[in-house]
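First the structure, in the form of structure tokens, and then the observations on it.
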Amino acid sequence: MARIAGVNIPTQKRVEIGLRYIHGIGQAKAKEICEKVGIATSRRVHDLTEAEIIQIREAIDRDYLVEGDLRREVAMNIKRLMDLGCYRGLRHRKSLPVRGQRTHTNARTRKGPAKAIAGKKKVTK
């Protein structure tokens with residue numbers, strides 16, 4: 001099993017797909033990494049040699065912000081917005097959608113499960 005950036009890459013998947021298991025690497029960056037290192041994207045992870053895995057690991061460490069460092073930077077950016085007290089920071093602080101979505105009926109993922117309102121009963125006819 002190949003271990004890159006602290007993540008175990010599945011051995012049966014293609015290299016291009018396996019690299020996406022690393023936080024911060026998506027489809028475009030995975031293709032880019034394969035091109036830089038000179039590995040065909042159709043090859044499987046278990047077919048890679050140790051030297052190729054080391055090349056991939058070095059390319060990611062050198063050129064990309066991934067995993068813990070990326071998570072830390074995103075968290076610091078959110079904390080900075082909250083400390084500034086700007087609109088986006090206030091929305092983060094209140095656990096509401098930040099990018100202008102409606103909240104009257106939706107936004108359950110961000111707000112959590114609906115809370116019952118005391119004293120409000122359904123009217124039956």
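The values are calculated or read from the model by the stated rules, or taken from the named source; none is laboratory data. Computed from a predicted structure; not experimentally measured. Every residue, glycine as well, gets a Cβ built from its backbone with ideal geometry; the counts of neighbours run over all protein chains shown. Calculation scope for accessible area: heavy atoms of the full protein, side chains included, ligands and nucleic acids excluded. Shrake-Rupley method; radii C 1.70, N 1.55, O 1.52, S 1.80 Å.
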Check your understanding: If we count every other residue with Cβ under 12 angstrom of E73's Cβ, Lys/Arg +1 and Asp/Glu -1, where does the sum land?
Key -> +2
Practice item. Excluding residues on the same chain fewer than 8 positions from K115, give the lysines whose Cα lies under 29 Å from its Cα. Key: K79, K94, K125
Practice item. Pairs of Cα atoms under 8 Å, at least six residues apart: use those to get the relative contact order of the range 1-112, whole percent. Key: 20
Exercise for review: Taking the Cβ of V45 as the centre, find all other residues whose Cβ is under 15 Å away and add up their charges (Lys, Arg: +1; Asp, Glu: -1).
Suggested key: +3
Exercise for review: Round to the nearest 10 and report in Å² the accessible area of R72, as given by a 1.4 Å probe over the protein chains' heavy atoms.
Suggested key: 140
Study note, to complete from the structure: Per GNM of the chain with C-alpha springs under 10 angstrom, the most fluctuating residue out of T109, T49, T41 is T109
Check your understanding: Taking only DSSP H segments of four or more residues, each worth -39500 (n - 2.57), what value at 222 nm results for the chain once the sum is divided by all its residues, to the nearest 500 deg cm²/dmol?
Key -> -13500 deg cm²/dmol
Check your understanding: What ³J(HN,Hα) values, in whole Hz, does the Karplus curve 6.51 cos²θ - 1.76 cosθ + 1.60 give for the range 79-91 when θ = phi - 60°, with x put for Gly and Pro?
Key -> 5, 4, 4, 5, 5, 5, x, 6, 4, 4, x, 5, 5
Practice item. Using amide H atoms built 1.01 Å from N in the peptide plane, name the residues 5+ places from H23, or on other chains, whose amide H lies under 5 Å from its own. Key: E67
Review point. How far is helix 50-63 tilted, in degrees, relative to the longest principal axis of the Cα atoms in the chain, given as a value from 0 to 90 rounded to the nearest 10?
Key: 50
Check your understanding: In the range 14-69, carbon and sulfur make up what percent of the accessible area (probe 1.4 Å)?
Key -> 46
